[in-house]
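Undergrad: One structure follows; several queries about it will come next.
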Amino acid sequence: MISENPPIEERYGLEDIDTIAEGLLVDAPFDQVCEILAPLGVRWERNVDDQNIQNPGLLVFQFRGHLWTGILDASMTDKYTPVPTNTFDNDFERFVPSSWNWESQAQSLSQRLHTRAIYYWVDDSGFTIGYAYWENGDLMERLEFDEEIWQDTHDEALLDAPERTVEPHLFESKLRQLTAAEIENAYSFVEDFLYEQQAYAATKLSRFNCQRDDFVRLDYIAFV
């Protein structure tokens with residue numbers, strides 16, 4: 001059977017847009033990223049590719065043939081198998097705590113490691129997508145698309161158009177002279193940006209999309 005996915009070394013862009021996810025990509029050696037993240041948790045577990053994660057924390061990974069180190073909320077990935085509970089409140093404990101801020105962590109990692117970092121997000125239920133890109137702690141480019149905001153800023157005639165565009169409501173850049181109105185499709189623009197950076201942005205580490213030997217490393221920073 002031929003895989004529908006190209007080899008991991010040739011994959012760029014978002015793993016999946018039909019999901020809810022946010023994550024980080026850092027252009028730095030794997031262990032250097034983990035050494036900064038580890039003090040934020042209670043323990044650092046190495047090489048967890050054969051394990052199921054059952055508690056809140058971060059998955060840190062590097063794909064074979066890629067320079068970027070990735071970071072995801074473990075509980076939002078297919079690696080997560082929660083401990084059975086009958087209490088509703090415990091459902092909220094699955095997620096990375098509110099003290100963890102994805103965007104500020106991206107900026108901090110970029111600054112501390114003197115490198116590039118990308119914070120990316122997608123929400124298929126809220127129809128949002130975007131990214132923020134830092135170099136050495138400086139914000140170089142940011143795009144935000146939100147369907148609700150987009151609708152509020154366009155007239156009814158455009159909303160009813162059969163081939164309406166989905167440009168972002170916000171775009172700022174120190175890298176190129178471009179306005180949000182000149183971007184016709186936010187989803188395509190995000191994909192193109194990630195391709196330009198040769199970055200594969202995982203969203204859930206789906207067992208269908210990612211196999212064990214796709215990873216150079218897959219570690220876990222536990223929060224409890």
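The values are calculated or read from the model by the stated rules, or taken from the named source; none is laboratory data. Since this is a predicted model, take the numbers as computed values, not measurements. Reconstructed Cβ throughout: ideal geometry from the backbone, glycine too, with neighbour counts over all protein chains shown.
Undergrad: Name the single residue, out of those in the stretch 21-34 being within 10 Å of the chain's Cα centre (by Cα) and of a type in the set (A, V, I, L, M), that is farthest from Ser75 (Cα to Cα).
TA: Only one residue tops the list, namely Leu25.
Undergrad: So, of the residues in the stretch 169-212 that are modelled with pLDDT of 95 or more and among the acidic types (Asp, Glu), which turns out to be farthest from Ile149 (Cα to Cα)?
TA: Result: Glu196.
Undergrad: Moving on to the next point. So, of the residues in the stretch 77-101 that are surrounded by 12 or more Cβ atoms within 10 Å (Cβ to Cβ) and touching an Asp or Glu at 6+ places or on another chain (Cβ under 8 Å), which turns out to be modelled with the highest pLDDT?
TA: Result: Val96.
Undergrad: Let me ask you something else. For Arg64, which of the numbered conditions (1) charged (D, E, K, R); (2) farther than 24 Å from Asp138 by Cβ; (3) out of contact with any helix residue (DSSP H, G or I) (no Cβ under 9 Å at 6 or more places or on another chain) fails to hold?
TA: Tallying (1) charged (D, E, K, R); (2) farther than 24 Å from Asp138 by Cβ; (3) out of contact with any helix residue (DSSP H, G or I) (no Cβ under 9 Å at 6 or more places or on another chain), Arg64 fails exactly one: (3).
Undergrad: So, one more: Return the total of residues in the stretch 20-53 being of a type in the set (S, T, N, Q) and crowded, with 16+ Cβ neighbours inside 10 Å.
TA: Summing the residues that are of a type in the set (S, T, N, Q) and crowded, with 16+ Cβ neighbours inside 10 Å in the stretch 20-53 gives 0.
Undergrad: Another question, if that's okay. Sort out which residues of the stretch 54-67 are buried (at least 23 other Cβ atoms within 10 Å of the Cβ) and either within 24 Å of Gln197 (Cα to Cα) or β-branched (Val, Ile, Thr) (or both), and write them in order of number.
TA: Leu58, Leu59, Val60, Phe61
Undergrad: Of a type in the set (A, V, I, L, M, F, W, C), at pLDDT 90 or above, more than 18 Å from Val122 (Cβ to Cβ) and in a helix (DSSP H, G or I): does that describe Ala38?
TA: Here the answer is yes, as Ala38 does meet what is asked.
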